[in-house]
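Colleague: Take this structure first; my questions come after.
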Amino acid sequence: MRSLMDRCCSRCTHSPQTPCKDYVLCRRDGPFCHDDPECKRRRKAWLNSRFPPPGSGQRRLLVCGGLTCGAAGSFSLPEAFRKAIEKAGLEEQVTVTLVGCLGLCEEGPLALVMPERVLYCRLKLEDVAAIVEEHFKGGKPVERLLFRDDTGKTYPFLPEIPFYRKQQRVVLERCGYINPEDIAEYIAAGGYRALTSVLFSLSPEEVIEEIKKSGLRGRGGAGFPTGKKWEAARRVPSSKRYVICNADEGDPGAFMDRALLEGDPHAVIEGMIICGYAIGSDEGYVYVRAEYPLAVKRLRIAIEQAYAAGLLGENILGSGFSFHLHINEGAGAFVCGESTALMASIEGNRGIPRIKVPRSTEKGLFGKPTVLNNVETFANVPLIILRGSQWFANIGTKGSKGTKIFALSGKVKHTGLVEVPMGTTLKELIFDIGGGIKGGKRFKALQIGGPSGGCIPEDMLDLPIDYESLTGAGAMMGSGSIVVMDEDNCMVNTARFFLNFTERESCGKCTPCREGTKQMLNILERITRGEGSPSDLSLLEFLGQVVKATSFCGLGTSAPNPVLTTLRFFRSEYLQHVTERRCSAGECMALRRFVILAEKCIGCGACAYVCPVKAIKGEKKKPHHIDEKVCVKCGRCFEICRFQAVKRL
Amino acid sequence: MEEAILEEVVRIYRGKPEKLIAALLALQRHYGYLPEPALRTLAQELGVPLSKVYGVATFYAQFRLKPRGKHTVCVCLGTACHVRGSEQIFHALKRELGVEPGDTTADGRFTLEVVSCVGACSMAPVVVVDEETHGRLDPEKALALLKKY
Ligand code: SF4
Ligand code: SF4
Ligand code: FES
Ligand code: FES
């Protein structure tokens with residue numbers, strides 16, 4: 001028995017052709033159909049090697065194989081570790097595996113030693129030997145590779161690191177702790193038990209009731225109650241229904257769905273099968289961005305393994321219920337996050353939204369009743385079934401139940417993947433978990449909800465994270481991207497940036513969205529060039545309201561949000577641009593000027609060397625100067641000068 | 001043009017107009033772009049008008065109608081990268097390569113592309129060269145990157 005999925009002995013009768021309802025439980029706690037201490041022992045031994053209990057002398061090294069750590073070089077680490085472990089003669093005691101995102105991406109490549117949970121940061125190939133020697137052999141963690149805060153204090157154990165302390169990781173519980181390419185580990189960690197209990201002890205109506213009682217709302221954007229959606233699809237008489245998982249994750253700055261698919265793909269699959277059972281559907285699609293090749297690969301492996309185990313396909317576990325699952329790769333269009341556009345795309349068309357009457361729950365994919373939820377929503381479903389709707393409803397606030405996963409990025413110290421109960425304040429998220437602003441700079445704003453969301457200023461950071469509070473502030477939960485900005489970010493330029501995005505991504509169906517965003521963008525470009533006038537501000541507000549009120553789909557109706565919120569909360573910055581022709585953050589290129597202060601310049605020539613247009617002249621060891629007519633205001637001289645001799649005006 | 005690949009794609013997707021996007025992705029994976037003759041064949045075999053094939057190919061950001069250089073340099077201009085200075089990187093690369101996004105250098109070595117987020121926001125700003133993601137860049141490091149290819 002090399003895997004938990006293998007039969008323990010010839011008496012085990014399970015195969016997808018001869019399904020058995022006890023299969024999932026049996027793999028971990030069995031065998032049930034025959035009694036043999038030797039079979040039980042072998043299962044236990046396998047489990048201990050993957051999930052070593054404390055005190056057993058067994059260890060497991062989890063190397064983060066999420067996209068970020070991978071790009072920082074983690075993919076070559078497991079092989080190096082295995083070699084070093086073998087050389088030290090420890091292969092019986094320590095196993096190594098590549099896992100999904102562990103969360104603290106900023107400090108990657110990460111590796112976690114189980115069962116003691118010692119976390120290593122910023123690993124390089126050169127560090128492998130030290131960890132094997134000092135930790136695995138000598139029993140002492142390698143101090144210099146531990147997480148270190150600003151004061152220099154080190155934190156050996158993951159749960160003690162401030163980044164993790166305030167989090168409540170339930171949906172992400174397995175992400176980073178199991179091998180995402182092995183269904184056995186998902187099952188060993190309690191996976192597919194929810195599906196089993198749904199298939200054999202709940203009616204579809206009871207499943208829907210349970211989801212409704214939990215208060216789960218869609219994690220993809222607007223927050224529509226999930227149970228209600230399922231109920232609506234079930235009620236429409238039809239011989240065919242579809243389940244779609246939206247993994248298009250188009251919001252720039254969002255990577256929660258990618259991380260879940262890369263780290264715990266079976267949780268999403270299990271949620272989809274349960275949904276299929278509840279609404280009476282035998283076919284599902286996962287619509288995933290082609291920009292996420294690793295997620296697609298892991299999902300593909302997971303689906304294959306689920307089929308091989310008889311957890312997908314015909315007559316699942318002998319229940320009589322069948323469900324088939326396909327992957328559909330998107331091709332890069334933000335508007336496809338819109339449900340109707342996404343379905344058009346699966347049907348092979350341009351992703352253009354259609355009018356939402358009738359709703360997709362009545363006439364969706366190929367004209368059939370369809371439930372569309374996003375990755376995180378589906379990943380919540382098995383949890384609710386397993387631990388009960390009451391457990392779920394106890395987490396969070398009155399209107400927003402459960403937890404929410406966020407992707408923290410921008411100028412915050414600890415970027416990464418975070419899961420907190422609803423109702424946590426933005427301040428806790430940015431300062432306690434995120435560690436505040438990088439490099440001692442000042443917080444200016446955070447952008448939540450992507451291009452459809454808004455920018456929230458410092459004095460509103462006490463806002464609790466729930467659907468209603470965020471909408472009230474002109475922002476929205478969105479899918480969960482949070483981008484933090486500091487004093488060096490210009491809010492006018494930020495608004496221009498978002499509009500540039502939505503203008504480009506507008507599918508072109510409605511005039512207000514297509515042309516309105518273009519006009520707004522023109523005005524914003526004018527302002528950032530220093531050619532705006534005070535009347536532009538009210539014009540922007542007016543246009544924003546029109547686009548909001550008259551566009552058809554979510555993209556258009558929310559496109560003005562970043563502009564409207566920045567106008568509301570950062571008006572003085574706009575005024576500075578249009579009256580003083582100044583950008584104090586220094587981001588608006590046209591408004592910048594660079595001069596060299598003769599008294600500080602030592603004539604090292606570094607600036608002249610980096611200047612791409614050779615605008616800087618001067619003799620060695622004598623003060624240099626910038627020819628402003630040639631200068632393209634790139635700021636490279638400003639960044640490179642070590643003597644603060646280049647001044648930005 | 002390698003006919004075998006086209007035939008293979010046609011064989012898998014013949015008569016399945018709803019698989020147009022998958023077929024286009026498959027073609028592009030092999031050719032690096034979507035050559036016109038291949039699109040004509042595809043339109044016929046799938047049973048969709050050529051105008052629709054082009055409609056779809058031009059709608060989605062992933063598809064290219066022009067051949068690409070040896071390497072693709074793709075600058076992320078997503079929000080997280082933006083606030084950490086990706087625009088400066090973009091300008092630096094654009095100036096160095098002397099091309100607009102979507103175009104290829106005269107020597108055929110590099111194609112410049114832009115993207116809005118590849119999901120590696122925690123290590124912003126990010127540039128993806130071919131399949132490799134590089135993070136925590138600044139203009140200097142990004143320019144130095146080109147020398148590696
Ligand atoms: S609002 Fe914009 S993106 Fe949405 S349908 Fe209209 S034009 Fe297309
Ligand atoms: S801002 Fe850029 S172009 Fe202008 S002098 Fe400095 S390096 Fe040269
Ligand atoms: S990718 Fe490794 S911690 Fe996120
Ligand atoms: S914004 Fe650049 S990777 Fe996400």
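Colleague: Once region A:514-647 is represented by equal point scatterers at the alpha-carbon sites, with solvent omitted, what log10 I(q)/I(0) does the Debye formula produce at q = 0.11, 0.16, 0.18 Å⁻¹?
Modeller: For region A:514-647, the Cα-only Debye profile gives -0.54, -0.81, -0.90.
Colleague: Using label points projected 7 Å from each Cα along Cα→Cβ, tell me how many nm separate A:Ser56 and B:Leu65, to one decimal.
Modeller: Result: 6.0 nm between the two label points.
Colleague: Take the cross-link list A:Lys212/A:Lys398; A:Lys617/B:Lys141; B:Lys70/B:Lys147; A:Lys438/B:Lys94; A:Lys647/B:Lys94; A:Lys600/A:Lys647 and give me the ones stretching past 18 Å between alpha-carbons.
Modeller: Numbers: A:Lys212/A:Lys398 14 Å; A:Lys617/B:Lys141 24 Å; B:Lys70/B:Lys147 14 Å; A:Lys438/B:Lys94 28 Å; A:Lys647/B:Lys94 25 Å; A:Lys600/A:Lys647 10 Å.
Exceeds cut-off: A:Lys617/B:Lys141; A:Lys438/B:Lys94; A:Lys647/B:Lys94.
Colleague: To continue, here is another question. Residue by residue through region A:413-426, which ³J(HN,Hα) values in whole Hz follow from phi under the Karplus form 6.51 cos²θ - 1.76 cosθ + 1.60 (θ = phi - 60°), with glycine and proline marked x?
Modeller: 5, 9, 6, x, 9, 10, 10, 10, x, 4, x, 4, 7, 4
Colleague: How well do other chains shield peptide B:19-27, expressed as the mean number of their Cβ atoms within 10 Å of each residue Cβ?
Modeller: Values: counts 4, 4, 12, 7, 1, 2, 4, 1, 0.
Mean partner shielding for this stretch: 4.
Colleague: Just to check, using Stokes-Einstein with a Kirkwood Rh over alpha carbon pairs, what's the diffusion coefficient of region B:1-59 at 37 °C and 0.692 mPa s in µm²/s?
Modeller: Details: Rh = 11.0 Å.
Roughly 299 µm²/s, to the nearest whole number.
Colleague: Percent relative contact order of region B:1-59, based on C-alpha pairs within less than 8 angstrom and at least six residues apart?
Modeller: 36 percent
Colleague: Here is a further query. Using a Gaussian network model of chain B with C-alpha springs under 10 Å, which one of B:Lys94, B:Lys16, B:Lys66 is most mobile by mean-square fluctuation?
Modeller: Taking springs between Cα atoms under 10 Å, the residue moving most is B:Lys16.
Colleague: Taking the highest mean first, how do the peptides A:234-240, A:493-499 order by number of other beta carbon atoms within 10 angstrom per residue?
Modeller: Numbers: A:234-240: 13.4, A:493-499: 26.1.
With the highest mean Cβ count within 10 Å placed first, the list reads A:493-499, A:234-240.
Colleague: Share of region B:1-59's accessible area from carbon and sulfur, percent, 1.4 Å?
Modeller: Of the solvent-accessible surface of region B:1-59, carbon and sulfur hold 51 percent.
Colleague: Using alpha carbons only, how many degrees (0 to 90, rounded to 10) separate the axis of helix A:37-50 from the longest principal axis of chain A?
Modeller: It works out to around 10 degrees.
Colleague: Next up: In angstroms, what radius of gyration and Dmax does region A:10-81 have, counting Cα atoms only?
Modeller: Looking at region A:10-81, its Cα Rg and Dmax stand at 17.6, 49 Å.
Colleague: Shifting gears a bit: Would you kindly state the longest site-free stretch of chain A, with sites defined as GluC sites (Glu not before Pro) in a DSSP loop (not H, G, I, E, B) surrounded by at most 10 other Cβ atoms within 10 Å? Don't skip to the end; give the middle numbers.
Modeller: Values: sites that count: A:Glu92, A:Glu599, A:Glu619.
Result for the longest clean stretch: A:93-598.
Colleague: Please give the calculated 222 nm ellipticity per residue for the protein assembly as shown, where each DSSP H segment of at least 4 residues contributes -39500 (n - 2.57) and the sum is spread over every residue; nearest 500 deg cm²/dmol? List each step's numbers first, then the result.
Modeller: Values: 31 runs with 290 residues, N = 798.
Theoretical 222 nm ellipticity from helices: -10500 deg cm²/dmol.
Colleague: Regarding the protein assembly as shown, what are the three Cα extents along the principal axes, ordered largest first, in Å?
Modeller: Answer, in whole Å and largest first: 89, 66, 60 Å.
Colleague: Please compute the length gained on full extension between A:Cys33 and A:Gln545, using 0.36 nm multiplied by the number of residues separating them and subtracting their Cα-Cα distance. Working shown, then result.
Modeller: Working: separation 512, 0.36 × 512 = 184.32 nm, distance 6.67 nm.
Answer, rounded to one decimal: 177.6 nm.
Colleague: While we're here: Can you check what the net charge comes to around A:Ala80, using other residues whose Cβ is under 13 Å from the Cβ of A:Ala80 (Lys, Arg +1; Asp, Glu -1)? Kindly include the intermediate steps, with their values, before the conclusion.
Modeller: Values: positive: A:Arg82, A:Lys83, A:Lys87, A:Lys124; negative: A:Glu79, A:Glu86, A:Glu126, A:Asp127.
Charge balance in the 13 Å sphere: 0.
Colleague: Taking H as built 1.01 Å from N, whose amide H comes closer than 5 Å to the amide H of A:Thr403, not counting residues under 5 places away?
Modeller: Here the answer is A:Met422, since their amide H atoms fall under 5 Å of that of A:Thr403.
Colleague: Related question: Can you tell me the orientation of helix A:375-387 relative to chain A, as the angle in degrees between its alpha-carbon axis and the longest Cα principal axis, to the nearest 10?
Modeller: The two axes meet at around 40 degrees.
Colleague: Provide the per-residue ³J(HN,Hα) series for region B:116-121, in order, calculated from phi with Karplus coefficients 6.51, -1.76, 1.60 and θ = phi - 60°, each as a whole number of Hz, with x at glycine and proline positions.
Modeller: 9, 5, 10, x, 10, 4
Colleague: Using 0.36 nm times the number of residues separating A:Asp149 and A:Glu468, minus their current alpha carbon distance, what extension gain do you get? Could you put the intermediate results ahead of the total?
Modeller: Values: separation 319, 0.36 × 319 = 114.84 nm, distance 3.47 nm.
The span from A:Asp149 to A:Glu468 would gain 111.4 nm if fully extended.
Colleague: Let me check I've understood the local charge: for B:Gln44, count other residues with C-beta under 14 angstrom from its C-beta, Lys and Arg +1, Asp and Glu -1. What total comes out? List each step's numbers first, then the result.
Modeller: Numbers: positive: B:Arg11, B:Arg14, B:Lys16, B:Arg40, B:Lys52; negative: B:Glu7, B:Glu36, B:Glu45.
With Lys, Arg at +1 and Asp, Glu at -1, the neighbours total +2.
Colleague: Suppose R0 equals 51 Å. What FRET efficiency, 1/(1 + (r/R0)^6) with r the Cβ-Cβ distance, do B:Glu7 and A:Cys20 give to the nearest 0.05?
Modeller: Working: r = 44 Å, r/R0 = 0.86.
After rounding to 0.05, the efficiency reads 0.70.
Colleague: Please list the non-local residues whose amide H lies under 5 Å from the amide H of A:Val94, H modeled 1.01 Å from N, same-chain partners needing a gap of 5 or more.
Modeller: A:Arg59
Colleague: Can you give me the C-alpha center-to-center distance between region A:522-570 and region A:139-202, rounded to a whole angstrom?
Modeller: 43 Å
Colleague: OK, next. D for region A:112-250, whole µm²/s, Stokes-Einstein with Kirkwood Rh over alpha-carbon pairs at 10 °C and 1.306 mPa s: what number? Mind showing how you got there, number by number?
Modeller: On the way: Rh = 19.5 Å.
Estimated diffusion coefficient is 81 µm²/s.
Colleague: Okay, next question. Taking 8 Å as the Cα distance limit and 6 or more residues as the minimum spacing, I'd like the relative contact order of region B:71-147 as a percentage.
Modeller: 41 percent
Colleague: 5 Å is the cut-off here: which amide hydrogens, built 1.01 Å from N in the peptide plane, fall below it relative to A:Lys444, excluding neighbours closer than 5 in sequence?
Modeller: For A:Lys444, whose amide H was placed from the backbone, the distant partners under 5 Å are A:Met485, A:Asp486, A:Glu487.
Colleague: Please compute one quarter of the surface area of the Cα convex hull for region B:71-147 and express it in square nanometres. Don't skip to the end; give the middle numbers.
Modeller: Numbers: hull surface 17.0 nm².
Over every viewing direction, the Cα hull of region B:71-147 projects on average to 4.3 nm².
Colleague: May I pose another question? Using the Cβ atoms and a cut-off under 11 Å, what net charge is assigned to the surroundings of A:Val96, where Lys and Arg are +1 and Asp and Glu are -1? Write down the numbers at each step before the final one.
Modeller: Numbers: positive: A:Arg59, A:Arg60, A:Arg82, A:Lys83; negative: A:Glu79, A:Glu86, A:Glu91.
Spelling it out: positives minus negatives among the neighbours equals +1.
Colleague: A further question follows. Which three semi-axes in whole Å describe the equivalent ellipsoid of chain B, each the square root of 5 times a Cα gyration tensor eigenvalue, listed largest first? Walk me through the numbers before you get to the answer.
Modeller: Numbers: eigenvalues 220, 51, 30 Å².
Value: 33, 16, 12 Å, ordered largest first.
Colleague: Taking 7 Å along the Cα-to-C-beta vector as the label spot, tell me the B:Arg95-A:Ser535 distance in nanometres, rounded to one decimal.
Modeller: 3.7 nm
Colleague: A follow-up question, please. Write down the accessible area per residue of region A:461-602 in Å², having rolled a 1.4 Å probe over the full set of protein chains. List each step's numbers first, then the result.
Modeller: Numbers: 5300 Å² over 142 residues.
That works out to 37 Å² for each residue.
Colleague: Can you tell me the relative contact order of chain B? Whole percent, Cα pairs under 8 Å, sequence separation 6 or more.
Modeller: On the way: 216 pairs, mean separation 30.0, N = 149.
Rounded, it is 20 percent for chain B.
Colleague: Test of understanding: what is the full-extension gain from A:Lys228 to A:Leu125, defined as 0.36 nm times their sequence separation minus their Cα-Cα distance?
Modeller: On the way: separation 103, 0.36 × 103 = 37.08 nm, distance 5.10 nm.
Computed gain between A:Lys228 and A:Leu125 is 32.0 nm.
The values are calculated or read from the model by the stated rules, or taken from the named source; none is laboratory data. Small disclaimer: the values here were computed from a predicted structure and weren't measured. Positions of Cβ are generated from backbone atoms using ideal geometry, with glycine treated the same way; all protein chains shown enter the neighbour counts. These area figures cover heavy atoms from the full protein model, side chains too; ligands, DNA and RNA do not enter into them. Shrake-Rupley method; radii C 1.70, N 1.55, O 1.52, S 1.80 Å.
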